[in-house]
Amino acid sequence: MNHGEDPPQARRSNPVYTFNHISMFDPNITILLACLVVFAAYFLKGFSGFGPAIVMVPFFTILYEPNTAITIATLFDFIAGLFLIWTVRKEIKWSFVFSVFIALALGAVLGAYLLGEIPTLLLKRCIGTVIIIFSMMIMLQGKNGSRSITPFISLLRFPIGLVSGFLGGLLGISGPPLVIYVKMHYDKVFFRTQLIAIFLLGTGWRSLLYYWNNIPMKLSLQEVGICFTILCIGLWTGNRIQVRVNEVNFNRIVAILILLPAVNLLLAR
């Protein structure tokens, strides 16, 4: 750890990454496990349009330092989004995407500003409970079809985006509120395509923030290259399989995915 005088901006980031992590595995086992994790994470991304960080960050913090786990997951998610965006470009409603992204970005600024000022343990458990309730509702949800969206439901994307961004800045988890909102009110195709675009913009923004704050990514070029190859395979496989899954089963898989961070929040200490 560097004991020299850091600039103010760097000092603010340091509390999140205050220890060095040494993997318990040898390098060959580490890269093998990393490949398995990356495949699972980006299979889910290709299938659902979201979710790789839910899988990748917890497991990568075992294999690598926490800052590396977060930065590489964000960078890979951005790259995966670039690939997927081309496949859904004709279905994206950019007015919806940009309005949500702006709300996300503003909420993230507020959440980051209040980081350390709000007791987060009770907040995490309350949010986890709410997410579990809504994920069960999604699991029981049938096919949405061409449900009409009222002006009120459409306007809800702004406060939902703010809340999601705020939670991302404060707790490091922004996806579930937005995922719940879109899945509860829109069909499978709209859900998947819009989230691909929204999370592409979000991960690109966070990657820039990590770069500006000098948060390192301690991974060799060889490891990055191998993991990137596996990412492409997982992404392609998930993208191919999702077209064969009906909306009811898709809803159940989405519900299970958002249950994972909810349980993590409830177990937080």
Output for Cβ contacts, cut-off 6 Å, separation at least six or different chains, first residue surrounded by 14 or more Cβ atoms within 10 Å (Cβ to Cβ) in region 125-136, second small (Gly, Ala, Ser), reads 128/262; 131/262; 132/262; 135/255
Counting only residues in region 235-266 that are polar (S, T, N, Q) and under 22 Å from residue 88 (Cα atoms), the one surrounded by the most Cβ atoms within 10 Å (Cβ to Cβ) is identified as 251
Residues in region 72-96 that are surrounded by fewer than 23 Cβ atoms within 10 Å (Cβ to Cβ) and of a type in the set (S, T, N, Q) total 2
Exactly one of 184, 217 is touching a residue at least 40 places away in the same chain (Cβ under 8 Å), surrounded by fewer than 23 Cβ atoms within 10 Å (Cβ to Cβ) and assigned to a helix (DSSP H, G or I), and that residue is 184
ask   = Would you call residue 231 surrounded by 12 or more Cβ atoms within 10 Å (Cβ to Cβ), modelled with pLDDT of 85 or more and either in contact with a Lys or Arg (Cβ under 9 Å, 6 or more places away or on another chain) or not in a helix (DSSP H, G or I) (or both)?
value = yes
In region 29-39, is there at least one residue being buried (at least 23 other Cβ atoms within 10 Å of the Cβ), in contact (Cβ under 8 Å) with a residue 40 or more places away in the chain and either under 22 Å from residue 264 (Cβ atoms) or aromatic (Phe, Trp, Tyr) (or both)?
-> yes
For residue 189, the lone unmet condition from (1) farther than 28 Å from residue 64 by Cα; (2) surrounded by 16 or more Cβ atoms within 10 Å (Cβ to Cβ) is (2)
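Counting only residues that are among the hydroxyl-bearing types (Ser, Thr, Tyr) and either in contact with a Ser or Thr (Cβ under 8 Å, 6 or more places away or on another chain) or at pLDDT below 75 (or both), which one in region 201-222 is farthest from residue 84 (Cα to Cα)? If you could, list the steps in order and put the result at the bottom.
Within region 201-222, the subset among the hydroxyl-bearing types (Ser, Thr, Tyr) is 203, 207, 210-211, 220.
If we keep only those that are either in contact with a Ser or Thr (Cβ under 8 Å, 6 or more places away or on another chain) or at pLDDT below 75 (or both) as well, we get 203, 207, 210.
Numbers: 203: 14, 207: 18, 210: 23 Å.
It comes out as 210.
The values are calculated or read from the model by the stated rules, or taken from the named source; none is laboratory data. Bear in mind that the values here come from a model prediction, so they are computed numbers and not experimental data. Counting neighbours? That spans all protein chains shown, and the Cβs are built from the backbone with ideal geometry, glycine included.
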